[in-house]
Amino acid sequence: MSAGFDLYEAITAGGHRLMLSCADLGWGSVIGNSLDNGITYLPTGVDFGAPCGMEVVLPNGELLRTGMGAMEGNKAWHVYRRSLGPSHDQLFMQSNYGIVTKMGVWLTPMPECYMPLWLRVWRDDDLAAVIDTLRTLMLDGTIRMVPQVMNTVVLGSVFSTRDQWWTEPGPIPDDVIDRMARELEIGRWMMRFALYDDEAIVDVKFAKIKNAFERIEGAEVWGTKHTPEEIPSLEHPAERIQGGVPNLEWNAMTAWYGGEEGGHIGFSPAAPMTGADAVRLRDLLRRMVEDAGLDYIAALLPVSARSFVHITMVIFDTKSEDQTRAAYDVAKKLVVESAKQGYGEYRAHLDFMDLATEQYAFNGGVQRRFNETIKDALDPNGILSPGKQGIWPKGMR
């Protein structure tokens, strides 16, 4: 059992009052997504907090249990993350050192009240104030989940098609984006987030959140309270995702160019949780993507109160050789130019793993050499996924 749908259905069938922190696309593997530091949204999604304790097949065929699982019959294996001595779980995340066959996953108890929330701002440069305000509300625990701050085009791509707005060559102009923002009522930036708590606490937190964000001129915050039982029937797919109910509707954005034959490359650098960094990355990435003739499609995901990941959706029409080539070329450029500004990719696309790894070059690339040393010790013949995350066995380097 690995897909989000499978685990959700098992929880539901068992009558458990528990919520799964699931990915945007419900077909995503719970274990696979976790091993690649995939982002999910419930409180257990903060700082990739759901995995706890693994069972791993090593390249020599031995079966390893990480953490407390190294002790036969240990009762804390899936509730205490560390071990006696070095803790090895991270060695099997974004690596090729073993095959994870079992993993503990932390779930969230259903709250008395679930309140999905929305924030909308109308100016592109309001992004800085949104991020700085959000940081404060996450640091003090008012918001204790993973929000998603979306630009007009990324949210517009879920609920409309590109040819409704623009059919000319090149990226969508700013005035057309403004029209899309108004007609779809999604603003220039819109944030989805949620509260999970007793109703009285939700009311206090909502008032505090509304007061904080609406200090930004023109900003609006709203939401509706629900019982957990109502979550599967909510109309908006994001409100179901944040409520732990997997679905596939968010995948509509990949049809922005090319419809059913649309392609997608993701470039996702990590950054400090400051408005200045958010604007700096926006300007850098938007310029390069639009110079390639594509639309800047972005979502900022604060994975903690101190950092966010800038999800850059490089979407293209796979039927167009020119557009496909432009997408891959600009994706490589994004990796290199962002690194020059101090922003490294947190989760590399398969075609760019070597390039992304090359950017982590402190002290002559000592991290890469260290990873290769471990690879050669565990898997000298390079059996498991040679080259994944830029980790090649000795015979292929």
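Quick rundown of the values:
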read-out	value
Within straight-line cross-link reach of K210, lysines at Cα separation under 16 Å, skipping those fewer than 8 residues along the same chain	K225
Positive-pole candidate from V221, P237, G258, dipole of segment 203-262, charges at beta carbon	V221
Distribution of pairwise C-alpha distances over segment 337-385, 10 Å bins, in %	22, 47, 26, 5
Among 199-209, 166-176, the order from most to least packed when residues are scored by Cβ within 10 Å on average	199-209, 166-176
Per-selection Rg to Rh, segment 265-328 - Cα, Kirkwood hydrodynamic radius	1.05
Relative contact order (%) - criterion: Cα under 8 Å, at least six apart; region: segment 241-349	35 percent
Ranked packing of 243-251, 134-142, most packed first, by mean Cβ within 10 Å	243-251, 134-142
Cα-centred dipole magnitude for segment 81-240, charges only on beta-carbon of K, R (+1) and D, E (-1), debye, nearest 20	700 debye
Cβ charges +1 (Lys, Arg) and -1 (Asp, Glu), total dipole of the chain, debye	1340 debye
Heavy-atom accessible area ranking, 1.4 Å probe, most first, across F362, F193	F362, F193
Positive dipole terminus of the chain, leading residue within A3, T318, G45 (C-beta point charges)	G45
Sequence-distant residues sharing a close amide H with G387 (under 5 Å, placed H)	W392
Gaussian network model of the chain, Cα within-10 Å springs - most flexible of A356, A212, A13	A13
Gap separating the Cα centres of segment 171-242 and segment 115-164, nearest whole Å	8 Å
Karplus-derived HN-Hα couplings along segment 16-22 (A = 6.51, B = -1.76, C = 1.60, θ = phi - 60°), whole Hz, x at Gly and Pro	7, 8, 9, 10, 9, 7, 9
Centre separation in Å (Cα based) which lies between segment 83-105 and segment 6-53	17 Å
Amide H contacts under 5 Å for A3, placed H, 5+ residues apart	V30
Spread of Cα-to-Cα distances over 5 Å intervals beginning at zero, given as percent, for segment 267-397	2, 10, 18, 18, 17, 14, 11, 7, 3, 0
Coarse-grained scattering of segment 205-307 at q = 0.10, 0.16 Å⁻¹, given as base-10 log I(q)/I(0) from a Debye sum over alpha-carbon atoms	-0.45, -1.11
Residue-averaged [θ]222 nm for the chain, counting only DSSP H segments that reach four residues, each worth -39500 (n - 2.57)	-10000 deg cm²/dmol
Karplus (6.51, -1.76, 1.60) ³J(HN,Hα), θ = phi - 60°, over segment 55-70, in Hz, Gly and Pro reported as x	10, 10, 8, 7, x, 8, x, 6, 9, 10, 10, 7, x, 5, x, 5
Residue-wise HN-Hα coupling along segment 233-243, computed from phi with Karplus coefficients 6.51, -1.76, 1.60 (Hz; x: Gly, Pro)	9, 5, 6, 7, x, 5, 5, 6, 4, 5, x
Neighbour net charge for R397 - beta-carbon separation under 12 angstrom, K R +1, D E -1	+1
P(r) weight above 14 Å for segment 54-137, C-alpha pairs, percent	74 percent
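The values are calculated or read from the model by the stated rules, or taken from the named source; none is laboratory data. Worth saying up front: this structure is predicted, and the values here are computed from it rather than measured. In this analysis, Cβ positions are derived from the backbone assuming ideal geometry, glycine residues included, and neighbour counts consider all displayed protein chains. Just the protein is used for accessible areas: all its heavy atoms, side chains included, with ligands, DNA and RNA removed. Shrake-Rupley method; radii C 1.70, N 1.55, O 1.52, S 1.80 Å.
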